Structures are given as structure tokens and as C-alpha cells.
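Everything below concerns the one structure shown next.
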Amino acid sequence: MSLAWTDTTHEIAGGKLHLSRAGSGRKLLILHHDIGTPDRLAFYDSLAGSFDVLVPHHPGWGKSERPQWLRSPRDIAAIHAWLLADLGLSDVSLIGLGFGGWIAAEMASLAPAAYRRLVLVGPMGIKPPEGDIADQAIVSYLDYPQAGFHDRAAFTRVYGDVTTDQLEQWDICREMSFRTAWKPYMYSQTLPHLLGGIRAPALVVWGDDDRHVPQSAARVWIEGLRNARLETIAACGHYVDMEKPDELARLVTSFVNAN
Amino acid sequence: MHLMYFTEQPMAAYDAHEGLKYGATALTFSNKHYDPVAASRLYNEYLEEYVLAEECGVDGIMLNEHHNAPFCMQPRTNMFGAILAAVTKRVKIVFLGNPLPLSDNPVQLSEEISMIDMISKGRVVSGFVRGGGQEQLANGVNPAFNRERFVEAHDLITKIWTEPGPFRWEGTHYQQRVVNPWALPLQKPYPRVWIPGVLSKETVIWTAQQRYPYIALNTSIDATKVIWDTYSKAAAEVGYTAGPENFGYLIRVHVQDTEEKALQNARQFMWMQGEFTGLAHPVWANPSGYFSPSGRRGFVEFAVGRAKNPRGQPTFEEQVADTMIVAGTPDQVIARLKHLIEHTRPGIMGLWGNDGTVPAADRRRCIELLGKEVMPALREHGAKLGLKDPWEANAPVHLRYSTDIPVQRAAAE
């Protein structure tokens, strides 16, 4: 099945935000990782077969302009909420991948009744009770994303022989991560206290070999959210969407479509 | 010409094999290899060597600061500055410099520098630096805002030094309710500010715009000329002509009574596999957002091993041949440095005399020969070439105190 993805640009908060969109049906806003996202992924295509899928680039990442004033994932959350308002969309489900999971949780905590479902995949944003979120700052551009896969072959499937363009993009992503989440690194001290207001049922997904975000954090998410359950994916790293796209798409589809 | 003595104050008393085994001698190289007993001895030896340098006639002692690494024992440059303020009488205490972005409270930094200026009776040169990439990581400071913090902290400190308090500071990176420190510099309008650097074009241009001298840190003669050109153009744009008083140069120079001994000791300038800031992962030295976006592409290729270090990795012999390292007897060193001075024309010069594991007696002999033989010859040669330092040239401390720029004078009035 060939899918028609449409790329558009939206003026938000003084900058241009890039959005890819495809499919029809219930609306899914996918929020990508700290390392950005390839333009197309099997996971996105799979979901676009049965949903209206929106994949924006976070402000400052990929094809979206950098707002110099941007300082936190909560600012990014406000920008994505602005995008949904401009598009006139409601009853949206948020699919947050890693760092994007943090942004999704910020969006939902600021508008507790606004979203249909929340899917958080290895979310950053909360200090794990045991272990630390992996720090990009002191490892190479290749080591960091590679450590997010359980199986190196999966990394190669997605990124192939990594181009210099891709390395440059990862440096820019890394800089944006520093600009928005340097200290404390990759978590909020206030977010855990704000999860309880969120009305949307939540599915928390974790790769069983996630070396970026310790799975001990899952407990905090499950206990903090009103209505959440945990699914663990076997033989899978942090980037579940890239390593086990079909499995994650199946989980998302049945969870979002459930009444 | 202003001639300074410099050493990184190496903490060489650790097992070099441990560093090689670990693959790094910076940032994450464990301080379980740090020996406070040896360090206590070294601190005191280095202190005595600075006093000796003053006795031997050096004009200034250049101090710096680094963190988490054996190549430099000073994690707070103002600490040694404060000690030198009390135990020396004549030499300038030249900070090159305080890493401004590392400070979350530039007001306190201004207080420390002011105290040292008063205790030393006005001998401080208050250089400022951005701090290397590793320094940001070692201190938990966001590298992406390094340059913004540098400029804002500088503006806050110089406001403290030139305008009476109390005032409130509501900046982008610093907010202070009541800025009103009861410690101000003795020197007016404020201590001279010099800015050292290696390759950042943005810093060279900013420095020229302030009319602060720029001190090139052991760059090659050709690279130094490029820096001077960049500086001179930026100076012309704001209305003044840059001269030797705007330019400084730091070079590694080791001198002994015999050439053989000098060359043997000078090899210690390569003591950590030639990486004078320690063996490190490239991303530590250049965390994302720290460096200019124009260098991004070249850097990422280097960081993953696809390209050579843009700074190169010249051998000891190549560096001696290129006058990046100078070693020999006083006569040999003087001849070589005269050549260097003629080609780079600095008004300020730092002689980095000792590094690595050079024995204490040899370090002291090097200082004696530098102070008593090499520096006087260079001073005389510099005078012949018209190379005035900022004091000899009566250079303004900052552009705004210029008397040779009509618009500035009008603005000041």
C-alpha cells in the first residue's frame, strides 16, 4: 500500500514548524525522540493505514526552525498544542516516543481532559528511582543512537551507513536537547506531581533492553497516572518504534480504538 | 613588551600507564589516581617557582584554570592569584582567565577579582575565557549557552566596575536582585582585560570590538597572522587601528644550559600523547552547541573518526621546526624567538616554560634563564621593533575609553 504523506509548514510562536501527515480516521499526534526522526518510518506508515497520523518535527529539530527563546519540553508541548489548535483538531491521541513521551505528558498535564489516549514509549521526563537516563553529552554521535537498539541490525536497517548529513542532524538534535533539558538532564522535577490530573487512559510501553531510560521509571508513570497499564516488548531497546514497528503499531491500534 | 611566565601546573604525579589503559586523561579519568600528598608538594613548588620568576625579572605571571584533569592543577584561578597577590610585590597577576560561563554568580567573581586587585595593589590583569568544552561538562554548565553567558557575565562585571550600585540585573542568563558588592577594583576604570583563545573567529571579533588585547595560545605563525587580520578588520570597523598592544602570544619555550637537556625536557610538552589538555573524546572538548555552527560538519566527521583532527597532530620534531615549541640554550632560544616576534609582532608575550615531569631543579633553572637572559633580550628587541605593551602604549582599557575615536569621545562626554 502506498501512502500519500503531505508535508506542510506552520507559523507558530514566531517560527516555522514542519509537519508530515497521512491517512484518515482517528487522529494520532506522534512526538519523536531526542535524536529526531527519519522523514518516513515503517511505524508511521503502518499507523497511517488506519489513522490520521501527524508527525511534526519539534521546534529546532529536523526541518522545524529553532526558536532561540525555547528553554524546556513544556515550551515544546505548548507549541504542539498550538499546532493542534491551528488545525482545529480535537479528540487527538498522543503517541510520545522517548523524549517525545515527556512532551506528550506535558501536553496532557496542561490540558487534562483534552486528549483521547496517551501512549508513552520509554518516556523520558521523570527521574528513574534506580539508574539514570543515558547522557548524550559524553558519548559519540554513533554510540548514543546505537545504544538505543537491542539489535545492531535494527539500527542498520533504519540508518544504513550513517551519512555525514545524519551526523550533523544528530549534533543539532543534541544541541536542542541541551537547550531544553540540560539540567536536570532529561527529566522534570514537577511533572510527576501533575500526572494525576490526566483523564486520558494511558498505555506505557517499554523495551526490555532500554539502555536509555531505566525501566524503573515505569513504576512512577503507572502509579502517577489515573488509568495506565504497562506493556513490555521483548528483545527490544529504547527505540521501540524503529526496532519493533509492527508490534508497537498493533498495540497502539488496539489501545486507541478501544472504547 | 610585556613578558609573562606560564605553566599549566601539571599534576604529573600519577601513573601514566593508567591513563593509557583507560584511554583518556581528562574529564572521566578517575581521581582515584590523584595523590594529594604529591599534589601538596607540587602546589608549593609551583608557588616557589612563581616567586623565583618575579626575582628573576619577569613582568607577569599568567594563570589559568581547568577541571577534572591532570594537565592543570588549578580548578580556581583566583586562588593562586590571591596567594600571589600576597607573596609577590611587583609582577602583574595575569588571569587568562576566569571562565565566565562557568559562574552562576558573576557578582561574586567580580568581588574575588576586586579583592585580588586591591591586595596586590593594582597588579591584576583580568582576562576572561569561555572555558573549554570539558570545563562545561565538569561543572554542569550548559554548553549551548556558553557564548551568551560569557558576554552577559562580562557585561555585568564591567557594569559593576564602572557604575555605582545598587542596581538590579535582569538578564537572559543572570538575574540579581541587588548588585552592590562592597569590593571594587583598585585600578580605574577597571583592571585591563585580555582575552586568550585558539581558533574561535567569533571571539577574536568580539575582543577587537571591545578593544581588549587578544592572546593567541600557541597558534602557528600563519594561523596567528590570520587571527591578527581578523582582529584588525574588526578594529577598523569600530574606528581604531590595532597595534602590537592589542596582540599577545603564548609559546612553549624551554631553556637550559645545554641544548641536549633543553630538548630532552621540552619533550615533556608532549607528555600526554601530545594532547596538552589531556587525552579525551572529541565530544568532550566540543559538546554540541559549544562551538560555531560553521564548524559543525568538519567536527562531526572528526568525532566519529572519519576525518583528521582539524587542529592536526604534529610531532615534537614538526612543532620544533614550525616554532610551535622552542627549546635550547639561551642564545638559541633568543634567536628563534626574535624570528617569531618579527613575524607576529606581539606587544604581550607569554613564555610557557615547563610542563609534564620536568624535574624541579630544571624547572627552576629554566625560569632563571628565561627571566635573566631570554626576556631582557626580547624586551630590547621588542623595543627596537616598536612593540609596545598596553601600558607602554597607554592603550584604553576598553573601546569606550578611546580618545582617538571622535564618536566615542562625543558619546563619553
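So the values come out like this:
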{"item": "Test: residue in the stretch B:91-111 that is within 21 Å of residue B:367 (Cβ to Cβ) and either of a type in the set (D, E, K, R) or loosely packed, with under 15 Cβ neighbours inside 10 Å (or both)", "result": "yes"}
{"item": "Residue A:29 vs. criteria surrounded by fewer than 21 Cβ atoms within 10 Å (Cβ to Cβ) and either farther than 21 Å from residue A:243 by Cα or of a type outside the set (Asp, Glu) (or both)", "result": "no"}
{"item": "Candidates A:154, A:137, filtered to the one that is within 14 Å of chain B (Cβ to nearest Cβ), among the hydrophobic types (A, V, I, L, M, F, W, C), crowded, with 18+ Cβ neighbours inside 10 Å and over 16 Å from the mean Cα position of the chain (by Cα)", "result": "A:137"}
{"item": "The one condition in (1) over 22 Å from residue B:50 (Cα atoms); (2) in contact with a strand residue (DSSP E or B) (Cβ under 8 Å, 6 or more places away or on another chain) that residue B:338 fails to fulfil", "result": "(2)"}
{"item": "Members of the stretch B:284-342 that are among the basic types (Lys, Arg) and at the interface with chain A (Cβ under 10 Å from one of its Cβ atoms)", "result": "B:296, B:297, B:306"}
{"item": "Among the residues listed as B:326, B:374, the single one being outside any strand (DSSP E or B), at pLDDT 90 or above and either buried (at least 20 other Cβ atoms within 10 Å of the Cβ) or over 24 Å from the mean Cα position of the chain (by Cα) (or both)", "result": "B:374"}
{"item": "Top-ranked residue in the stretch B:70-116 [being aliphatic (A, V, I, L, M) and outside any helix (DSSP H, G or I); ranked as farthest from the chain's Cα centre (by Cα)]", "result": "B:91"}
{"item": "Yes/no for residue A:61 being surrounded by fewer than 19 Cβ atoms within 10 Å (Cβ to Cβ) and either within 21 Å of residue A:188 (Cβ to Cβ) or of a type in the set (Ser, Thr, Tyr) (or both)", "result": "no"}
{"item": "Count of residues meeting criterion [facing another protein chain (nearest Cβ under 10 Å) and crowded, with 20+ Cβ neighbours inside 10 Å] in the stretch B:131-140", "result": "4"}
{"item": "Odd one out for residue B:51, checked against (1) surrounded by fewer than 20 Cβ atoms within 10 Å (Cβ to Cβ); (2) within 24 Å of residue B:142 (Cα to Cα); (3) more than 18 Å from the chain's Cα centre (by Cα)", "result": "(2)"}
{"item": "Boolean, residue A:159 is within 30 Å of residue A:225 (Cβ to Cβ), aromatic (Phe, Trp, Tyr) and within 14 Å of another protein chain (Cβ to nearest Cβ)", "result": "no"}
{"item": "Qualifying residue in the stretch A:218-240 (condition: over 16 Å from the mean Cα position of the chain (by Cα), within 11 Å of chain B (Cβ to nearest Cβ) and not in a strand (DSSP E or B))", "result": "no"}
{"item": "Checking residue B:239 against (1) small (Gly, Ala, Ser); (2) more than 18 Å from residue B:313 (Cα to Cα); (3) without any contact (Cβ under 8 Å) to a residue 60 or more places away in the chain; (4) outside any helix (DSSP H, G or I), the condition it does not meet", "result": "(3)"}
{"item": "Flag for residue B:158 being buried (at least 20 other Cβ atoms within 10 Å of the Cβ), more than 12 Å from residue B:103 (Cβ to Cβ), in contact (Cβ under 8 Å) with a residue 24 or more places away in the chain and more than 14 Å from chain A (Cβ to nearest Cβ)", "result": "yes"}
{"item": "Any chance residue A:16 is of a type in the set (Lys, Arg) and within 16 Å of the chain's Cα centre (by Cα)", "result": "no"}
{"item": "Qualifying residues in the stretch B:377-408 (those that are over 28 Å from residue B:343 (Cα atoms) and among the hydrophobic types (A, V, I, L, M, F, W, C)) - the one farthest from the chain's Cα centre (by Cα)", "result": "B:407"}
{"item": "Search result, residues across the stretch A:163-179 that are of a type in the set (Val, Ile, Thr) and either surrounded by 21 or more Cβ atoms within 10 Å (Cβ to Cβ) or within 8 Å of another protein chain (Cβ to nearest Cβ) (or both)", "result": "A:164, A:172"}
{"item": "Selection count where residues are in a loop (DSSP other than H, G, I, E, B) and farther than 22 Å from residue A:85 by Cβ, scope the stretch A:1-56", "result": "14"}
{"item": "Single condition residue A:186 does not satisfy, out of (1) away from chain B (no Cβ under 14 Å); (2) within 27 Å of residue B:140 (Cβ to Cβ); (3) touching a Gly at 6+ places or on another chain (Cβ under 8 Å)", "result": "(1)"}
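The values are calculated or read from the model by the stated rules, or taken from the named source; none is laboratory data. Only a predicted model underlies this, so the values are computations on that prediction, with no experimental measurement involved. Positions of Cβ are backbone-derived with ideal geometry, glycine not excepted, and every protein chain shown enters the neighbour counts.
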